[in-house]
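S.K.: Here you go, one structure.
The values are calculated or read from the model by the stated rules, or taken from the named source; none is laboratory data. None of these values were measured; they are calculated from a predicted model. Using ideal geometry, Cβ is built from the backbone for each residue, glycine included, and neighbour counts are taken over all protein chains shown. Please note that ligands, DNA and RNA were not included when accessible areas were found on the heavy atoms of the full protein model with its side chains. Shrake-Rupley method; radii C 1.70, N 1.55, O 1.52, S 1.80 Å.
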Amino acid sequence: MALTDPSADLAHAFQPVAQGTIGDAASPEAIRRLSRELAASERGRLATQKKVIEKLKAALAAVRMNNYRLGAKRCLDALALDERSGLAWHVLAICQEKAGDLSQALTAYEAALKLLPDETEVAHDLGRLAQRLGYLEIAEKLLVKYLSANPGHVEATNNLACVLRDAQRYGDAVDTLRDMIAIEPANPVLWNTLGTVLSDQGDMATALTFFEESLRIDPGFAKARYNRANVRQPLGDEDGALEDLITAYDGAEPGYEQAMMMMARALLLMGMGRIPEGFETYEIRLDPAMPEAVRFLIDAPRWNPAETDIAGKRLLIIGEQGIADEMIFGACIPDAIRAVGPEGKVFIAVEARLVDMYQRSFPQAVVGAHRSVRLEGRLTRVCPFMEELAEAGEPKLDAWAPMASLLIPFRRSLADFPKTHGYLKADPARVAHWKAELEKLGPGLKVGLHWKSLVLTGVRARYFSSFERWKPVLTAPGCVMVNLQCGDVSDDLAAAEAAGVAVWTPPIDLRNDLEDVAALSVACDLVVGPGIAGTNLAATVGARTWLIHAPDDWHLMGTDRYVFYPHVRTFATGGFDGWPRAIAAVRAGLDDAVAGNWNDD
């Protein structure tokens, strides 16, 4: 059962993840059970095996003290004596999971399960971790295996419902929970998970009812309080959401749970416009407790603006997260260039598809591509072009900075956001080419269209609308629709064609030919869509852009605009069920634009 990384690409900016899965492989009960197994194993064993058991006892003692790395070391010592000890592999997996070494933990759990095929606790622990990392089919099989040996087990049933939820099998998840709630109606965990199923679908009002029932039963249940915060915000109760997040953090498990709750707090603070507090809290995204956190291997100290004046220094700015995030946070690069001054030098590491665009826009800087690899289970970002420059005699860097961290020194208030129409420059020759191509399509406003993200798993799906709902926009008189949506959208386009709607698709790779996508966006009269990479690219190069945003979109920062792109017109859904309203508003805007009234105030 080989498990591999489910995604080679980073998703766009972090989002709060519903907390429903329960259980802790290192809980006191679990450690007591493992201790009993060790005691039972000790009797009648040979000397070498007794040494293995002593090592594992020491490992469990370290786990009790929350020293998981020491515990892992002692397990490895045990495995050096007996590599076929399933118990040693199991304890090692627990230590690695708790230490945040998730990829290594998966490998250790697999080894334990292979050696202990009838040990259902191993299957349960592995299933829970597989669900957390997105291996949903495998997680489901392991949890079903555990439940076949332990029917009616509340924790495993709850976790199976979480897997079904993440697979967007919402009906199956509800059925699984309903059956168990009928038996255990006073179990707060089940009500909480039921709430997450509804919140993932965007039904925040119903989800709130279930989270409040969970908290009525157990007011100290941190997961339910965190989840309630994440529905209170889009329902308009930001202060209540913040209060819940602060309270939930104190009751959460150290490590991943607390880090995720701090991330939710950062996004909420930024969404409320509480600058710079929100940006400072957002540094949690780099905490190793966050599985998605990127590790940077840079041969220089990280820049601390509070301690180091960067004037005259050599600074590397490195992109992080996804392409959309490099668009958003890159707006601080001009500030950094001014800060180092003429005596300093800025180097910029971005996604390879963006290198030429950034170099054209910042000729005074040196731009190259970063590269991401997995080392010890952690996504690690390196800058090969900087190594090549060093080999060519380029002086060493003085400091480096993650791109989003530039918000802290350069965006201290809303007044610090520039009023420019984008900061990147599309290739003028390509813009001219695409204007000529668009003219061949005949009269009418040329409207570039995006409608979904490449990543639509789990909770992300609620942020996007089905293509069918876009019909009022697609059929707007006086408009020519241009497909800018990357990915396989052949079914959507075929359905549009069957309905008599023409959508022109340019003869380019819309995912990888970003120079052409940027130029075509500028050549269009308008680009419309949700806040994904393509619309962010259009806004960044100064194209006229209309963005449809969800009720919890933090990029507005307490305003009615995307503060990173002051020229962009926004359309609010008003709720996750509000897509028909937003699309109707876009259609009305198109009708006005065709009549010559853009309303781009």
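S.K.: Please verify whether Ala543 is touching a residue at least 60 places away in the same chain (Cβ under 8 Å) and open to solvent by less than 10 Å² (accessible area, probe 1.4 Å), treating the condition exactly as stated.
M.R.: Judged against the criteria, Ala543 is a match.
S.K.: Let me ask another. Would you mind telling me which numbered condition in (1) open to solvent by less than 30 Å² (accessible area, probe 1.4 Å); (2) in contact (Cβ under 8 Å) with a residue 12 or more places away in the chain; (3) part of a helix (DSSP H, G or I); (4) in contact with a helix residue (DSSP H, G or I) (Cβ under 7 Å, 6 or more places away or on another chain) Gly240 fails?
M.R.: Only one criterion is unmet by Gly240, namely (2).
S.K.: If the requirement is being in a loop (DSSP other than H, G, I, E, B) and closer than 18 Å to Ala550 by Cβ, which of these qualifies: Pro219, Pro234? Please lay out each step first, then the result.
M.R.: Values: Pro219 fails: closer than 18 Å to Ala550 by Cβ.
Every option except Pro234 fails the conditions.
S.K.: For the condition farther than 23 Å from Asp175 by Cα and in contact with a helix residue (DSSP H, G or I) (Cβ under 7 Å, 6 or more places away or on another chain), what is the one hit in Leu142, Leu147, Leu160, Leu79?
M.R.: Of Leu142, Leu147, Leu160, Leu79, the one residue that is farther than 23 Å from Asp175 by Cα and in contact with a helix residue (DSSP H, G or I) (Cβ under 7 Å, 6 or more places away or on another chain) is Leu79.
S.K.: Residues in the range 326-339 that are within 18 Å of Pro409 (Cβ to Cβ) and under 21 Å from the mean Cα position of the chain (by Cα): how many? So that I can check it myself, show each step before the final result.
M.R.: Of all residues in the range 326-339, those within 18 Å of Pro409 (Cβ to Cβ) come to 328-339.
In the following step, the residues that additionally are under 21 Å from the mean Cα position of the chain (by Cα) were identified as 328-331.
Residues that pass the stated criteria total 4.
S.K.: Go through (1) open to solvent by 10 Å² or more (accessible area, probe 1.4 Å); (2) at pLDDT 95 or above; (3) within 25 Å of Glu326 (Cβ to Cβ) for Val594 and report which single condition fails.
M.R.: With (1) open to solvent by 10 Å² or more (accessible area, probe 1.4 Å); (2) at pLDDT 95 or above; (3) within 25 Å of Glu326 (Cβ to Cβ) applied to Val594, the lone miss is (3).
S.K.: Tell me yes or no: at least one residue of the range 509-519 is within 27 Å of Asp600 (Cα to Cα), basic (Lys, Arg) and either in contact with a Cys (Cβ under 6 Å, 6 or more places away or on another chain) or modelled with pLDDT under 95 (or both).
M.R.: no
S.K.: Now, a different point. Just to be sure, is Ala585 of a type in the set (A, V, I, L, M, F, W, C) and either within 21 Å of Cys332 (Cα to Cα) or open to solvent by less than 30 Å² (accessible area, probe 1.4 Å) (or both)?
M.R.: Considered against the rule, which asks whether it is of a type in the set (A, V, I, L, M, F, W, C) and either within 21 Å of Cys332 (Cα to Cα) or open to solvent by less than 30 Å² (accessible area, probe 1.4 Å) (or both), Ala585 comes out as no.
S.K.: With the condition kept exactly as written, say whether any residue in the range 137-149 is over 28 Å from the mean Cα position of the chain (by Cα) and under 23 Å from Met261 (Cα atoms).
M.R.: Looking through the range 137-149, none of the residues is over 28 Å from the mean Cα position of the chain (by Cα) and under 23 Å from Met261 (Cα atoms).
S.K.: For the range 344-365, which residues satisfy the criterion of being in contact with a Gly (Cβ under 9 Å, 6 or more places away or on another chain) and either open to solvent by less than 10 Å² (accessible area, probe 1.4 Å) or β-branched (Val, Ile, Thr) (or both)?
M.R.: Passing the criteria: Phe347, Ile348, Ala349, Val350, Leu354, Val355, Tyr358.
S.K.: Out of the range 83-100, which residues are part of a loop (DSSP other than H, G, I, E, B), open to solvent by less than 50 Å² (accessible area, probe 1.4 Å) and either basic (Lys, Arg) or over 14 Å from Asn67 (Cβ atoms) (or both)?
M.R.: Ser85
S.K.: For Tyr565, work out the one condition from (1) crowded, with 21+ Cβ neighbours inside 10 Å; (2) more than 15 Å from Pro472 (Cα to Cα); (3) in contact with a Lys or Arg (Cβ under 9 Å, 6 or more places away or on another chain) it doesn't fulfil.
M.R.: Unmet condition: (3).
S.K.: Further question on the same structure: Output yes when any residue across the range 101-114 is within 30 Å of Arg295 (Cβ to Cβ), among the charged types (D, E, K, R) and in a helix (DSSP H, G or I), and no when none is. Working first, answer last.
M.R.: From the range 101-114, those within 30 Å of Arg295 (Cβ to Cβ) are 101-114; that's our starting set.
Restricting the remaining residues to those that are among the charged types (D, E, K, R) gives 101, 110, 114.
Right, trim to in a helix (DSSP H, G or I) and you get 110, 114.
Yes, because at least one residue in the range 101-114 is within 30 Å of Arg295 (Cβ to Cβ), among the charged types (D, E, K, R) and in a helix (DSSP H, G or I).
Let's see how each residue does on (1) farther than 25 Å from Leu441 by Cβ; (2) under 25 Å from the mean Cα position of the chain (by Cα):
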| position | (1), (2) |
| --- | --- |
| Val517 | no, yes |
| Ser521 | no, no |
| Leu526 | no, no |
| Pro530 | no, yes |
| Thr545 | no, yes |
| Leu556 | yes, yes |
| Tyr562 | yes, yes |
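S.K.: Output yes when any residue across the range 315-322 is within 21 Å of Ala533 (Cα to Cα) and without any contact (Cβ under 8 Å) to a residue 40 or more places away in the chain, and no when none is.
M.R.: No, the range 315-322 has no match at all.
S.K.: Next up: Just to be sure I understand the filter: pairs with C-beta atoms under 7 Å, separated by 6 or more residues or on different chains, first member in the range 139-159 and over 19 Å from Ala182 (Cβ atoms) and among the acidic types (Asp, Glu), second member open to solvent by less than 60 Å² (accessible area, probe 1.4 Å) and in a helix (DSSP H, G or I). Which pairs pass?
M.R.: Close Cβ pairs (under 7 Å, with a partner that is open to solvent by less than 60 Å² (accessible area, probe 1.4 Å) and in a helix (DSSP H, G or I)) amount to Glu140/Leu160; Glu140/Val163.
S.K.: Can you tell me which residues in the range 243-276 are acidic (Asp, Glu) and assigned to a loop (DSSP other than H, G, I, E, B)?
M.R.: Glu253
S.K.: Select from the range 150-163 the residues that are open to solvent by less than 10 Å² (accessible area, probe 1.4 Å) and either among the hydrophobic types (A, V, I, L, M, F, W, C) or more than 15 Å from Glu140 (Cβ to Cβ) (or both) and list them in ascending order.
M.R.: Ala156, Ala161, Cys162, Val163 - these are the residues of the range 150-163 that are open to solvent by less than 10 Å² (accessible area, probe 1.4 Å) and either among the hydrophobic types (A, V, I, L, M, F, W, C) or more than 15 Å from Glu140 (Cβ to Cβ) (or both).
S.K.: Which residues, taken from the range 497-508, are modelled with pLDDT of 85 or more and either part of a helix (DSSP H, G or I) or surrounded by 11 or more Cβ atoms within 10 Å (Cβ to Cβ) (or both)?
M.R.: Glu497, Ala498, Val501, Ala502, Val503, Trp504, Thr505, Pro506, Ile508
S.K.: Would you mind finding the one in Arg285, Arg274 that is among the basic types (Lys, Arg) and open to solvent by less than 30 Å² (accessible area, probe 1.4 Å)? Show your work before the answer.
M.R.: Numbers: Arg274 fails: open to solvent by less than 30 Å² (accessible area, probe 1.4 Å).
Only one candidate passes the filter, namely Arg285.
S.K.: How many of the residues in the range 568-582 are assigned to a helix (DSSP H, G or I) and either in contact (Cβ under 8 Å) with a residue 12 or more places away in the chain or surrounded by 19 or more Cβ atoms within 10 Å (Cβ to Cβ) (or both)?
M.R.: First pass over the range 568-582, keeping only residues assigned to a helix (DSSP H, G or I): 579-582.
Within this subset, residues satisfying the condition of being either in contact (Cβ under 8 Å) with a residue 12 or more places away in the chain or surrounded by 19 or more Cβ atoms within 10 Å (Cβ to Cβ) (or both) are 579-580, 582.
Matching residues across the range 568-582 total 3.
S.K.: Still on this structure: Identify, by number, the condition in (1) touching a Pro at 6+ places or on another chain (Cβ under 8 Å); (2) open to solvent by 10 Å² or more (accessible area, probe 1.4 Å) that Arg225 doesn't meet.
M.R.: (1)
S.K.: Between residues in the range 420-447 that are part of a loop (DSSP other than H, G, I, E, B) and residues that are of a type in the set (D, E, K, R), which pairs lie under 6 Å by C-beta distance while being six or more apart or on different chains?
M.R.: These pairs meet every condition: Lys425/Arg360; Asp427/Glu515.
S.K.: Please determine, by comparing only the residues of the range 126-135 that are open to solvent by 10 Å² or more (accessible area, probe 1.4 Å) and in a helix (DSSP H, G or I), which one is farthest from Ala167 (Cα to Cα).
M.R.: Arg128
S.K.: How many residues does the range 171-203 hold that are of a type in the set (A, V, I, L, M, F, W, C), open to solvent by 10 Å² or more (accessible area, probe 1.4 Å) and part of a helix (DSSP H, G or I)?
M.R.: The number of residues fulfilling the criteria is 9.
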